[in-house]
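To start, the structure under review is shown below, and the notes come after it.
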Amino acid sequence: MKPPEVIGHRGAPREAAENTLASFAIALDLGADGIELDVHVTADGVPVVHHDRRLRSRGARIAGLSLAELRASHEGVDVPTLDDVLKLVDGRCRLYVEVKAPGAEQAVGERVGPVRAWCAVHSFDHRIIARVGELAPGLPRGILMVSYLMDPIAAMESVGARDLWQQADTVDQPLIELVHRHGGRVIAWTVNDADRARELLGWGIDGLCTDTAREIGPVVRRSAGA
(Lines give C-alpha, C1' and ligand atoms only; values in the text may rest on other atoms or scores of the structure.)
Protein backbone atom coordinates (compact mmCIF):
# COMPACT_ATOMS: atom_id res chain seq x y z
CA MET A 1 0.00 0.00 0.00
CA LYS A 2 1.37 3.40 -0.98
CA PRO A 3 1.97 5.92 1.84
CA PRO A 4 -0.38 8.92 1.93
CA GLU A 5 0.59 11.87 -0.26
CA VAL A 6 1.31 15.37 0.98
CA ILE A 7 -0.06 17.66 -1.75
CA GLY A 8 0.84 21.34 -1.79
CA HIS A 9 -2.38 23.29 -2.26
CA ARG A 10 -1.49 25.83 -4.98
CA GLY A 11 2.11 25.12 -4.04
CA ALA A 12 3.24 26.53 -0.70
CA PRO A 13 0.88 29.52 -0.33
CA ARG A 14 1.94 30.40 3.21
CA GLU A 15 5.49 30.98 1.96
CA ALA A 16 5.02 32.47 -1.52
CA ALA A 17 2.14 33.74 -3.61
CA GLU A 18 -0.20 30.89 -4.49
CA ASN A 19 -0.17 29.34 -7.97
CA THR A 20 3.22 30.84 -8.87
CA LEU A 21 6.44 29.16 -9.93
CA ALA A 22 8.04 30.39 -6.70
CA SER A 23 5.31 28.71 -4.65
CA PHE A 24 5.63 25.45 -6.59
CA ALA A 25 9.43 25.48 -6.24
CA ILE A 26 9.13 25.79 -2.46
CA ALA A 27 6.68 22.87 -2.35
CA LEU A 28 9.19 20.78 -4.29
CA ASP A 29 11.99 21.80 -1.92
CA LEU A 30 9.82 20.78 1.03
CA GLY A 31 9.51 17.30 -0.43
CA ALA A 32 5.81 17.46 -1.30
CA ASP A 33 4.56 14.30 -2.99
CA GLY A 34 2.24 16.34 -5.15
CA ILE A 35 1.30 19.86 -6.17
CA GLU A 36 -2.26 21.00 -6.79
CA LEU A 37 -2.99 23.97 -9.03
CA ASP A 38 -5.83 25.75 -10.85
CA VAL A 39 -6.10 26.24 -14.60
CA HIS A 40 -8.02 28.62 -16.82
CA VAL A 41 -7.50 29.13 -20.54
CA THR A 42 -6.73 32.38 -22.39
CA ALA A 43 -8.57 33.68 -25.44
CA ASP A 44 -5.88 32.18 -27.66
CA GLY A 45 -6.16 28.74 -26.05
CA VAL A 46 -3.22 28.73 -23.63
CA PRO A 47 -3.85 27.10 -20.23
CA VAL A 48 -2.60 29.35 -17.44
CA VAL A 49 -2.37 28.80 -13.70
CA HIS A 50 -4.65 31.09 -11.70
CA HIS A 51 -7.43 30.44 -9.20
CA ASP A 52 -10.02 33.06 -10.15
CA ARG A 53 -11.45 33.54 -13.61
CA ARG A 54 -10.66 37.25 -13.38
CA LEU A 55 -7.47 39.12 -12.59
CA ARG A 56 -8.00 40.79 -9.26
CA SER A 57 -6.04 43.91 -10.16
CA ARG A 58 -8.01 44.68 -13.34
CA GLY A 59 -11.14 42.61 -13.10
CA ALA A 60 -10.43 41.34 -16.61
CA ARG A 61 -11.58 37.84 -17.50
CA ILE A 62 -8.67 35.54 -18.33
CA ALA A 63 -10.79 33.95 -21.07
CA GLY A 64 -11.06 37.36 -22.71
CA LEU A 65 -7.32 38.03 -22.82
CA SER A 66 -4.64 36.61 -25.07
CA LEU A 67 -1.50 35.32 -23.37
CA ALA A 68 0.37 38.42 -24.55
CA GLU A 69 -2.31 40.69 -23.09
CA LEU A 70 -2.26 38.73 -19.84
CA ARG A 71 1.52 38.99 -19.58
CA ALA A 72 1.36 42.73 -20.32
CA SER A 73 -0.68 43.31 -17.17
CA HIS A 74 0.98 43.88 -13.79
CA GLU A 75 -0.68 40.88 -12.17
CA GLY A 76 -0.38 38.68 -15.24
CA VAL A 77 3.42 38.81 -15.19
CA ASP A 78 3.37 36.32 -12.31
CA VAL A 79 0.77 33.99 -13.85
CA PRO A 80 2.60 30.93 -15.22
CA THR A 81 1.38 28.83 -18.09
CA LEU A 82 0.68 25.17 -17.48
CA ASP A 83 3.66 24.46 -19.74
CA ASP A 84 5.87 26.50 -17.39
CA VAL A 85 4.80 24.37 -14.45
CA LEU A 86 5.19 21.08 -16.30
CA LYS A 87 8.74 22.09 -17.17
CA LEU A 88 9.49 23.03 -13.55
CA VAL A 89 8.07 19.86 -12.02
CA ASP A 90 9.30 17.45 -14.70
CA GLY A 91 8.17 14.35 -12.83
CA ARG A 92 9.74 15.28 -9.49
CA CYS A 93 6.32 14.99 -7.87
CA ARG A 94 2.75 14.37 -8.95
CA LEU A 95 0.89 17.28 -10.50
CA TYR A 96 -2.85 17.60 -9.84
CA VAL A 97 -4.51 20.01 -12.25
CA GLU A 98 -7.87 21.47 -11.27
CA VAL A 99 -9.61 22.48 -14.48
CA LYS A 100 -11.66 25.55 -13.63
CA ALA A 101 -13.27 26.46 -16.92
CA PRO A 102 -15.28 24.60 -19.56
CA GLY A 103 -13.44 24.85 -22.83
CA ALA A 104 -10.04 24.15 -21.28
CA GLU A 105 -10.35 20.38 -21.55
CA GLN A 106 -8.58 19.90 -24.85
CA ALA A 107 -5.67 22.23 -24.10
CA VAL A 108 -5.13 20.61 -20.71
CA GLY A 109 -5.51 17.07 -22.02
CA GLU A 110 -3.00 17.68 -24.81
CA ARG A 111 -0.39 18.82 -22.31
CA VAL A 112 -0.83 16.44 -19.40
CA GLY A 113 -1.95 13.36 -21.32
CA PRO A 114 1.60 12.52 -22.50
CA VAL A 115 2.90 12.75 -18.90
CA ARG A 116 0.00 10.93 -17.27
CA ALA A 117 2.44 8.85 -15.20
CA TRP A 118 2.82 11.86 -12.89
CA CYS A 119 -0.20 14.03 -13.72
CA ALA A 120 -3.92 13.93 -13.02
CA VAL A 121 -6.91 16.26 -13.43
CA HIS A 122 -9.90 17.06 -11.24
CA SER A 123 -12.76 19.54 -11.17
CA PHE A 124 -15.93 20.63 -9.38
CA ASP A 125 -17.58 20.49 -12.80
CA HIS A 126 -17.86 16.77 -13.40
CA ARG A 127 -18.77 17.34 -17.04
CA ILE A 128 -15.26 18.68 -17.55
CA ILE A 129 -13.79 15.47 -16.15
CA ALA A 130 -15.94 13.33 -18.42
CA ARG A 131 -14.77 15.36 -21.42
CA VAL A 132 -11.11 15.14 -20.44
CA GLY A 133 -11.55 11.38 -20.19
CA GLU A 134 -12.78 11.30 -23.77
CA LEU A 135 -9.90 13.45 -25.01
CA ALA A 136 -7.11 11.82 -22.98
CA PRO A 137 -8.07 8.23 -22.16
CA GLY A 138 -6.02 6.78 -19.34
CA LEU A 139 -5.29 10.13 -17.71
CA PRO A 140 -6.12 9.78 -13.97
CA ARG A 141 -9.14 11.85 -13.06
CA GLY A 142 -10.90 13.04 -9.93
CA ILE A 143 -14.04 14.84 -8.81
CA LEU A 144 -14.18 17.63 -6.24
CA MET A 145 -16.89 17.53 -3.60
CA VAL A 146 -18.02 19.60 -0.64
CA SER A 147 -21.23 17.71 0.11
CA TYR A 148 -21.25 14.16 1.44
CA LEU A 149 -23.06 12.29 -1.32
CA MET A 150 -25.39 9.40 -0.65
CA ASP A 151 -23.69 7.52 -3.51
CA PRO A 152 -20.20 8.89 -4.14
CA ILE A 153 -19.25 5.76 -6.09
CA ALA A 154 -21.91 6.43 -8.71
CA ALA A 155 -20.59 9.98 -9.12
CA MET A 156 -17.04 8.71 -9.55
CA GLU A 157 -17.96 5.92 -11.94
CA SER A 158 -20.09 8.22 -14.09
CA VAL A 159 -16.96 10.09 -15.21
CA GLY A 160 -14.32 7.39 -14.72
CA ALA A 161 -12.78 9.10 -11.70
CA ARG A 162 -10.04 7.44 -9.70
CA ASP A 163 -9.90 10.11 -6.98
CA LEU A 164 -12.55 11.65 -4.75
CA TRP A 165 -11.36 15.09 -3.64
CA GLN A 166 -13.53 15.59 -0.56
CA GLN A 167 -13.65 18.69 1.63
CA ALA A 168 -11.82 17.65 4.79
CA ASP A 169 -14.60 18.44 7.26
CA THR A 170 -16.92 15.98 5.49
CA VAL A 171 -14.49 13.05 5.34
CA ASP A 172 -15.04 10.12 7.68
CA GLN A 173 -13.78 6.57 7.91
CA PRO A 174 -16.84 4.93 6.29
CA LEU A 175 -16.39 7.15 3.23
CA ILE A 176 -12.73 6.21 2.86
CA GLU A 177 -13.48 2.52 3.29
CA LEU A 178 -16.30 2.66 0.74
CA VAL A 179 -14.14 4.32 -1.90
CA HIS A 180 -11.30 1.88 -1.23
CA ARG A 181 -13.59 -1.10 -1.66
CA HIS A 182 -14.35 0.17 -5.17
CA GLY A 183 -10.71 0.74 -6.05
CA GLY A 184 -10.65 4.52 -5.65
CA ARG A 185 -8.75 6.99 -3.55
CA VAL A 186 -9.80 9.81 -1.22
CA ILE A 187 -7.89 13.09 -1.05
CA ALA A 188 -8.91 15.49 1.72
CA TRP A 189 -8.71 19.25 1.21
CA THR A 190 -7.58 21.56 2.72
CA VAL A 191 -5.87 20.04 5.79
CA ASN A 192 -3.75 22.48 7.80
CA ASP A 193 -4.31 21.12 11.31
CA ALA A 194 -1.94 18.40 12.53
CA ASP A 195 -4.53 16.72 14.78
CA ARG A 196 -7.03 16.48 11.94
CA ALA A 197 -4.30 15.17 9.68
CA ARG A 198 -3.47 12.41 12.18
CA GLU A 199 -7.15 11.47 12.43
CA LEU A 200 -7.49 11.21 8.65
CA LEU A 201 -4.25 9.23 8.42
CA GLY A 202 -5.57 6.79 11.00
CA TRP A 203 -8.61 6.19 8.79
CA GLY A 204 -6.46 5.42 5.75
CA ILE A 205 -6.69 8.66 3.75
CA ASP A 206 -4.76 8.58 0.48
CA GLY A 207 -3.75 12.22 0.27
CA LEU A 208 -3.77 15.44 2.27
CA CYS A 209 -3.96 18.64 0.25
CA THR A 210 -2.49 21.34 2.48
CA ASP A 211 -1.39 24.96 2.60
CA THR A 212 1.27 23.98 5.14
CA ALA A 213 3.38 21.20 3.64
CA ARG A 214 6.24 22.18 5.95
CA GLU A 215 4.15 21.21 9.00
CA ILE A 216 1.93 18.46 7.60
CA GLY A 217 4.74 16.63 5.80
CA PRO A 218 6.48 15.44 8.99
CA VAL A 219 3.12 14.33 10.44
CA VAL A 220 2.52 12.10 7.40
CA ARG A 221 6.06 10.75 7.39
CA ARG A 222 5.87 9.83 11.07
CA SER A 223 2.54 8.11 10.45
CA ALA A 224 4.07 6.10 7.60
CA GLY A 225 7.04 5.13 9.76
CA ALA A 226 9.54 7.01 7.60
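The values are calculated or read from the model by the stated rules, or taken from the named source; none is laboratory data. Small disclaimer: the values here were computed from a predicted structure and weren't measured. Because the Cβ atoms are built from the backbone with ideal geometry, glycine has one as well, and the counts that use them run over all protein chains shown. Ligands, DNA and RNA are excluded from the accessible area calculation, which covers all protein heavy atoms including side chains. Shrake-Rupley method; radii C 1.70, N 1.55, O 1.52, S 1.80 Å.
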| query | Does Leu82 meet the test of being more than 14 Å from the chain's Cα centre (by Cα) and aliphatic (A, V, I, L, M)? | reply | no
| field | Lone qualifier among Ala72, Ala68, Ala107 - being touching a residue at least 40 places away in the same chain (Cβ under 8 Å), farther than 24 Å from Thr190 by Cα and out of contact with any helix residue (DSSP H, G or I) (no Cβ under 6 Å at 6 or more places or on another chain) | value | Ala107
| message | Restricting to segment 157-167, name every residue that is under 19 Å from Gly8 (Cα atoms) and either at pLDDT below 95 or surrounded by fewer than 21 Cβ atoms within 10 Å (Cβ to Cβ) (or both). | response | Gln167
| query | Restricting the search to segment 111-123, which residues are touching a residue at least 24 places away in the same chain (Cβ under 8 Å) and either out of contact with any helix residue (DSSP H, G or I) (no Cβ under 7 Å at 6 or more places or on another chain) or not small (Gly, Ala, Ser) (or both)? | reply | Arg111, Val112, Gly113, Val115, Arg116, Ala117, Trp118, Cys119, Ala120, Val121, His122
| said: Could you tell me how many of the residues in segment 180-201 are closer than 25 Å to Asp151 by Cβ and open to solvent by less than 60 Å² (accessible area, probe 1.4 Å)? | reply: 9
| said: Condition first: touching an Asp or Glu at 6+ places or on another chain (Cβ under 8 Å) and either aliphatic (A, V, I, L, M) or farther than 19 Å from Val6 by Cα (or both). Now tell me which residues in segment 98-122 satisfy that. | reply: Val99, Lys100, Pro102, Arg111, Ala120, Val121
| request: Please work out if Thr210 is modelled with pLDDT of 95 or more and crowded, with 21+ Cβ neighbours inside 10 Å. | output: yes
| remark: For strands (runs of 3 or more DSSP E) lying entirely in segment 80-145, having 3 or more residues that are among the aliphatic types (A, V, I, L, M) and either modelled with pLDDT of 95 or more or surrounded by fewer than 22 Cβ atoms within 10 Å (Cβ to Cβ) (or both) picks out 94-99, 141-145
| task | Being in contact (Cβ under 8 Å) with a residue 40 or more places away in the chain and β-branched (Val, Ile, Thr) narrows it down to one of Val89, Val132, Val179, Val146, so name that one. | result | Val89
| task | Kindly list, by first and then second residue, each pair from a residue in segment 149-161 that is without any contact (Cβ under 8 Å) to a residue 60 or more places away in the chain and assigned to a loop (DSSP other than H, G, I, E, B) to a residue that is open to solvent by less than 20 Å² (accessible area, probe 1.4 Å) and not hydrophobic (A, V, I, L, M, F, W, C), limited to pairs with Cβ atoms under 9 Å and residues at least 6 apart or on different chains. | result | Gly160/Gly133; Ala161/His122; Ala161/Gly133; Ala161/Gly142; Ala161/Gly184
